[in-house]
1. Could you say whether any residue in the range 1-24 is touching a helix residue (DSSP H, G or I) at 6+ places or on another chain (Cβ under 8 Å), in contact (Cβ under 8 Å) with a residue 24 or more places away in the chain and small (Gly, Ala, Ser)?
2. Criterion first (among the basic types (Lys, Arg), surrounded by 14 or more Cβ atoms within 10 Å (Cβ to Cβ) and in a helix (DSSP H, G or I)) does Arg41 satisfy it?
3. Exactly one condition in (1) surrounded by fewer than 11 Cβ atoms within 10 Å (Cβ to Cβ); (2) touching an Asp or Glu at 6+ places or on another chain (Cβ under 6 Å); (3) charged (D, E, K, R) is not met by Asp36; state its number.
4. Out of all the residues in the range 28-35, is one or more in contact with a Leu (Cβ under 9 Å, 6 or more places away or on another chain), at pLDDT 95 or above and not aliphatic (A, V, I, L, M)?
5. Being crowded, with 17+ Cβ neighbours inside 10 Å and under 14 Å from Asp6 (Cα atoms) is the filter here; which residues of the range 44-66 pass it?
6. Mind checking whether some residue in the range 16-24 is among the charged types (D, E, K, R), under 10 Å from the mean Cα position of the chain (by Cα) and part of a helix (DSSP H, G or I)?
7. Could you please find all residues in the range 25-59 being touching a strand residue (DSSP E or B) at 6+ places or on another chain (Cβ under 6 Å), farther than 9 Å from Gln70 by Cα and of a type in the set (S, T, N, Q)?
8. Out of (1) modelled with pLDDT under 95; (2) under 14 Å from Ile69 (Cα atoms); (3) of a type in the set (S, T, N, Q), the odd one out for Ser11 is which?
Amino acid sequence: MSEVIDARGLSCPQPVLMTLEGIKKTDADEMVVLVDAEASRENVSRAVRGQGWQVCSITSEGETSRLKIQRGPK
């Protein structure tokens, strides 16, 4: 099961900071980030790419966007 970071209800930069902190702490190669603002979705996507991770998929369920991110090749 992937680690889940629930950043719904938070405004930037909090979702980005939570995601970056999660990336630093995890040994997992995959995580899920939940956000509910378009700006947060875009900013988190940009931030994870800067850390060598990739966004595998983005799905929307109502106002919530679910970003599945994966560690890039080592």
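1. Filtering the range 1-24 for residues touching a helix residue (DSSP H, G or I) at 6+ places or on another chain (Cβ under 8 Å) gives 3, 5, 7, 10-13, 15-16, 19-20, 23.
Adding the requirement that they be in contact (Cβ under 8 Å) with a residue 24 or more places away in the chain leaves 3, 5, 7, 10-13, 15-16, 19-20, 23.
Next, only the ones that are small (Gly, Ala, Ser) stay: 7, 11.
For the range 1-24, residues touching a helix residue (DSSP H, G or I) at 6+ places or on another chain (Cβ under 8 Å), in contact (Cβ under 8 Å) with a residue 24 or more places away in the chain and small (Gly, Ala, Ser): present.
2. Working: among the basic types (Lys, Arg): yes; surrounded by 14 or more Cβ atoms within 10 Å (Cβ to Cβ): yes; in a helix (DSSP H, G or I): yes.
Yes, satisfied.
3. (1)
4. Pass one, the range 28-35, residues in contact with a Leu (Cβ under 9 Å, 6 or more places away or on another chain): 31-35.
Subset that is at pLDDT 95 or above: 31-35.
With the extra rule that they be not aliphatic (A, V, I, L, M), the set shrinks to none.
Checked the range 28-35: no residue is in contact with a Leu (Cβ under 9 Å, 6 or more places away or on another chain), at pLDDT 95 or above and not aliphatic (A, V, I, L, M).
5. Step one: filter the range 44-66 for residues crowded, with 17+ Cβ neighbours inside 10 Å, giving 44-45, 47-48, 53, 65.
Correct list: Val44, Ser65.
6. Filtering the range 16-24 for residues among the charged types (D, E, K, R) gives 21, 24.
After this cut, where a residue has to be under 10 Å from the mean Cα position of the chain (by Cα) as well, the list is none.
There is no residue in the range 16-24 that is among the charged types (D, E, K, R), under 10 Å from the mean Cα position of the chain (by Cα) and part of a helix (DSSP H, G or I).
7. Result: Thr26, Ser45, Ser57, Thr59.
8. Of everything listed in (1) modelled with pLDDT under 95; (2) under 14 Å from Ile69 (Cα atoms); (3) of a type in the set (S, T, N, Q), Ser11 misses just condition (2).
The values are calculated or read from the model by the stated rules, or taken from the named source; none is laboratory data. Note that this is a predicted model, so its numbers are computed, not measured. Neighbour counts run over all protein chains shown; Cβ positions are idealised from the backbone, glycine included.
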